[in-house]
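All remarks here apply to the structure that follows.
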Amino acid sequence: LIVNSIASLAAIALARHRSYEKEARAESAQQAEQLRVAVLDALAHAFKTPLTAIRAASCGLLEMGTLDETQAELAALIDEESVNLNNLCTRLLQTAKLETSSPVLHTEPVIVSRLVKDVVSDLSGTLKGHSIELSIDEQDTPLQGNRELLKMILTQYLDNAAKYSAPESSIDITVRESTSELLLSVRNHGSLIEMRDRERVFERFYRSSDARLNAPGTGLGLSIVKKAAEAHYGHVWVVSAEEEGTTFFLSMPKLHVGG
């Protein structure tokens, strides 16, 4: 009896010790994540100011019209890369905001068909050479959501489609709406995404070997898309097949968003 009692006490003590260890690791991981988000936010804000000055200077030089051809090319390169860096900082800020424990969305009524057409118009230069095929349920019922985040999701999907699809191939955008759900998809005809990569492409900084070879990128875009969808109580996934091409999906409820 004494031996059994001692063994039981030892087992209880060991279980408590393991429980405390798990709690300590969880708390440490949470603190590390909070620190990482704070650093991302601080760095992105710190880079924004000098990038704005660089962009203003490069635009000023180009508008002067006194540069020779080589100087104009260099100024244009500075301007283009400052825009790219500014977009990266914006993504880092979006990541920091969305990865807080409970992100607060500022929502408004959004008519998705209009949003899609606006994004396609904004990206007309980026999508040069790719024809856009639209199939949209023409509904005037607005979706309650964050317009900028929804715009960012579609922009990222279209940017990926343009980068990884065959030259001059079509990109298909489909929007289906019901009274309770929105389903948006963007399909391209290009390199396939292997089965083992289809879940991981939405992880932060993950890029498949084919993606690294075919186009430059940071591995941030799709991870922010996933966080933005989850903030709207939705989810994202990808389907890729040789005959059908690669299709990225967004599904989200039309009700209770922003509630």
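With all protein chains in place and ligands, DNA and RNA left out, the 1.4 Å accessible area ranks 9, 77 as 9, 77, largest first.
If DNA, RNA and ligands are ignored and the probe is 1.4 Å, what is the ranking of 195, 252 by accessible area, most exposed first? Numbers along the way, then the final one.
Details: 195 140, 252 5 Å².
Sorted descending by solvent-accessible area, the residues read 195, 252.
Extending 7 Å from the Cα toward the beta-carbon at both residue 19 and residue 168 defines two label points whose distance is 6.9 nm.
Would you mind getting me the FRET efficiency between residue 141 and residue 204? Use the beta-carbon distance for r and R0 = 41 Å, nearest 0.05.
Once the sixth-power term is evaluated, E becomes 0.75.
Computed with a 1.4 Å probe on the full set of protein chains, the accessible area for residue 126 sits at about 80 Å².
For the peptides 70-76, 54-60, the ranking by mean Cβ contacts within 10 Å, running from highest to lowest, is 54-60, 70-76.
The values are calculated or read from the model by the stated rules, or taken from the named source; none is laboratory data. What you see is a predicted model; the values in this text were computed from it and never measured. Reconstructed Cβ throughout: ideal geometry from the backbone, glycine too, with neighbour counts over all protein chains shown. Ligands, DNA and RNA are excluded from the accessible area calculation, which covers all protein heavy atoms including side chains. Shrake-Rupley method; radii C 1.70, N 1.55, O 1.52, S 1.80 Å.
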